[in-house]
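Every number here is computed from the coordinates shown, using simple stated rules; none is lab data. This one's a predicted model, so the numbers in the text were calculated from it and none came from an experiment. Positions of Cβ are backbone-derived with ideal geometry, glycine not excepted, and every protein chain shown enters the neighbour counts.
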Amino acid sequence: MLDLYNKKYDRNTLKDNIYSVKLIDILKTQTIDASFAAKYILNKKYQLHCEDKISIPIVLIYQPHIDAKLLINLMKNYDSDDDSVADFEIVSKKK
């Protein structure tokens, strides 16, 4: 399990553990880029917890370095099949 509140993780580590953490915790504790926010944080496919109903304004509050126009553009042009994480069922069966 990742210790988001005490350690910083790279993009690949966050992506590999996307189903085992709350997205809001990533947003509050890690430094992410606009692409990661568009592909994972704002993607309803990964919003498994009620606390993870995250919108663009919430992303911009916790990640003020992200440009709003860029984030909106990335959201409009993102195809979730381009960079998907393994299916939740597959991930949940890993030991």
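Values for this structure:
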read-out: 5 angstrom amide H check on Asn43, placed H, neighbours 5+ away; value: none
read-out: Inter-label distance for Asp67 and Lys44, nm, one decimal - labels placed 7 Å from Cα along Cα-to-Cβ; value: 2.8 nm
read-out: Distance in nm between pseudo-label sites at Tyr5 and Lys53 (7 Å out along the Cβ direction from Cα); value: 2.4 nm
